[in-house]
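**Q** Structure incoming, see below.
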Amino acid sequence: MPELPEVEILVRHLAPLLKGKKVRAVEVRRKKVLGRTREEELSRTLRGATFTDLTRRGKYLLFELRSPVQKNAVTLVGHLGMTGRMYLLAKNETLPKHAAVVLKLSEHQMVYEDARYFGRLTLERGGLDKLGPEPLGDEFTAQYFAAALKRSGQAIKVKLLDQTLVAGVGNIYASEALFRAGISPRRPANKLSATQTKVLVEKIREVLKEAIRFGSTVPLDYAGDSKKDRLFYYGGIDDESDFYQERLLVYDRRGQKCVRCRTPIKRLVQAARSTFYCPSCQRA
């Protein structure tokens with residue numbers, strides 16, 4: 001599932017391509033992804049609207065548009081879910097089988113494709129209200145984090161997936177940050193010491209920044225047509241199928257030797273999600 005770095009890279013890619021583009025028509029192929037937004041409402045609101053900005057909040061994409069039928073700016077909220085992709089195609093290109101929503105522009109069409117339809121492209125903003133602070137923002141401090149963790153006895157790995165605690169951190173980067181911080185994924189959140197909490201904040205920031213920096217330098221296949229291994233879920237990197245996996249120190253490396261101590265990496269299931277860790281470097 002795409003996490004904060006993947007969404008941030010996608011936002012940086014799409015923002016300059018969409019800015020100033022006008023929506024000529026809206027084609028909804030899978031109403032499920034609209035949530036509570038009606039198809040007629042989406043079409044009426046977006047038709048004739050112009051893209052002015054694209055930002056990110058947690059794992060959400062926020063498309064800002066200026067509509068000819070509304071005084072206030074319109075926010076179109078996107079979420080990739082588990083299998084979503086968003087990209088531009090030339091206006092005459094054939095749409096993919098799982099295209100859920102298509103925004104017809106002048107020379108292009110913006111495609112939201114989703115094979116499982118768990119994502120969203122909607123005018124609803126309710127999901128944004130409950131999000132915690134951005135992990136790369138000023139509000140995500142060691143003081144805030146410590147106070148929030150003291151209220152929970154959940155395992156710290158599980159708690160890191162709580163989007164009301166911190167927005168955008170998912171399964172992959174939670175495992176990676178805990179490894180870098182030397183903290184067991186099983187440790188109760190309210191049992192972390194002040195030092196551990198401070199280090200974990202630093203490592204969360206570190207692993208996310210590294211992933212964004214790396215992703216920003218790699219040419220990606222945003223339409224998902226590459227036959228090679230995917231990078232950042234929605235794209236591929238040519239002739240480097242193992243490169244990204246090597247940058248992940250524990251995730252999906254069960255049985256492989258720890259890069260620090262050579263102990264085999266282990267996997268456990270927490271809250272129905274896979275956790276990868278080093279039993280030596282991350283003692284309970």
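**Q** Here is a list of conditions, (1) at pLDDT 70 or above; (2) more than 17 Å from Thr275 (Cα to Cα); (3) within 18 Å of the chain's Cα centre (by Cα); (4) of a type outside the set (Gly, Ala, Ser), and Glu202 meets all of them except one; can you say which number that is?
**A** Evaluating Glu202 over (1) at pLDDT 70 or above; (2) more than 17 Å from Thr275 (Cα to Cα); (3) within 18 Å of the chain's Cα centre (by Cα); (4) of a type outside the set (Gly, Ala, Ser) leaves (3) as the failure.
**Q** Is it fair to say Ala211 is closer than 14 Å to Thr275 by Cβ, surrounded by 23 or more Cβ atoms within 10 Å (Cβ to Cβ) and in contact with a helix residue (DSSP H, G or I) (Cβ under 9 Å, 6 or more places away or on another chain)?
**A** Considered against the rule, which asks whether it is closer than 14 Å to Thr275 by Cβ, surrounded by 23 or more Cβ atoms within 10 Å (Cβ to Cβ) and in contact with a helix residue (DSSP H, G or I) (Cβ under 9 Å, 6 or more places away or on another chain), Ala211 comes out as no.
**Q** Tell me the residue from Ala174, Ala147 that is at pLDDT 95 or above, under 26 Å from Ile204 (Cα atoms), within 14 Å of the chain's Cα centre (by Cα) and outside any loop (DSSP other than H, G, I, E, B), please.
**A** Of the residues listed, the single one that is at pLDDT 95 or above, under 26 Å from Ile204 (Cα atoms), within 14 Å of the chain's Cα centre (by Cα) and outside any loop (DSSP other than H, G, I, E, B) is Ala174.
**Q** For Val7, are the conditions met, namely being β-branched (Val, Ile, Thr), more than 24 Å from Ser216 (Cβ to Cβ) and crowded, with 18+ Cβ neighbours inside 10 Å?
**A** no
**Q** A further question on this structure: Counting only residues that are in a strand (DSSP E or B) and at pLDDT below 95, how many does region 55-85 have?
**A** Residues meeting the conditions: 2.
**Q** From (1) in contact with a Leu (Cβ under 7 Å, 6 or more places away or on another chain); (2) modelled with pLDDT of 95 or more, pick out the condition that doesn't hold for Gly235.
**A** (2)
**Q** Let me ask something additional. Checking the condition out of contact with any strand residue (DSSP E or B) (no Cβ under 8 Å at 6 or more places or on another chain), in the same structural domain as Thr75 (by TED's automatic domain parsing) and among the aliphatic types (A, V, I, L, M), which residue from Ala99, Ala177, Ala115 passes?
**A** Checking each option against the conditions leaves just Ala115.
**Q** Restricting the search to region 15-47, which residues are in contact with a strand residue (DSSP E or B) (Cβ under 7 Å, 6 or more places away or on another chain) and either farther than 17 Å from Lys91 by Cβ or hydroxyl-bearing (Ser, Thr, Tyr) (or both)?
**A** Listed by number, the residues that qualify are Ala15, Lys19, Val28, Arg30, Val33, Leu34, Gly35, Thr37, Glu39, Leu42, Ser43, Thr45.
**Q** Name the pairs whose Cβ atoms lie under 8 Å apart, with the first residue in region 255-284 and in the same structural domain as Gly182 (by TED's automatic domain parsing), the second in a strand (DSSP E or B) and among the polar types (S, T, N, Q), and 6 or more positions between them or separate chains?
**A** So the pair list comes out as Arg267/Ser274; Arg267/Thr275; Leu268/Ser274; Leu268/Thr275; Val269/Thr275.
**Q** Quick test of your reading of the structure: His108 fulfils all but one of (1) in contact with a strand residue (DSSP E or B) (Cβ under 8 Å, 6 or more places away or on another chain); (2) closer than 18 Å to Ile9 by Cα; (3) of a type outside the set (D, E, K, R). Name the failing condition by number.
**A** With respect to (1) in contact with a strand residue (DSSP E or B) (Cβ under 8 Å, 6 or more places away or on another chain); (2) closer than 18 Å to Ile9 by Cα; (3) of a type outside the set (D, E, K, R), His108 is out only on (2).
**Q** From the list Val169, Val218, Val250, pick out the single residue that is modelled with pLDDT under 95 and aliphatic (A, V, I, L, M).
**A** Val218
**Q** Condition test on Arg186, is it modelled with pLDDT under 95, surrounded by fewer than 21 Cβ atoms within 10 Å (Cβ to Cβ) and over 16 Å from Gly132 (Cα atoms)?
**A** In short, no.
**Q** Restricting to region 157-179, name every residue that is surrounded by 19 or more Cβ atoms within 10 Å (Cβ to Cβ) and among the charged types (D, E, K, R).
**A** Lys157, Lys159, Glu176
The values are calculated or read from the model by the stated rules, or taken from the named source; none is laboratory data. Keep in mind it's a predicted model, so treat the numbers as computed, not measured. Here Cβ is always computed from backbone atoms with ideal geometry, including for glycine, and neighbour counts include all displayed protein chains.
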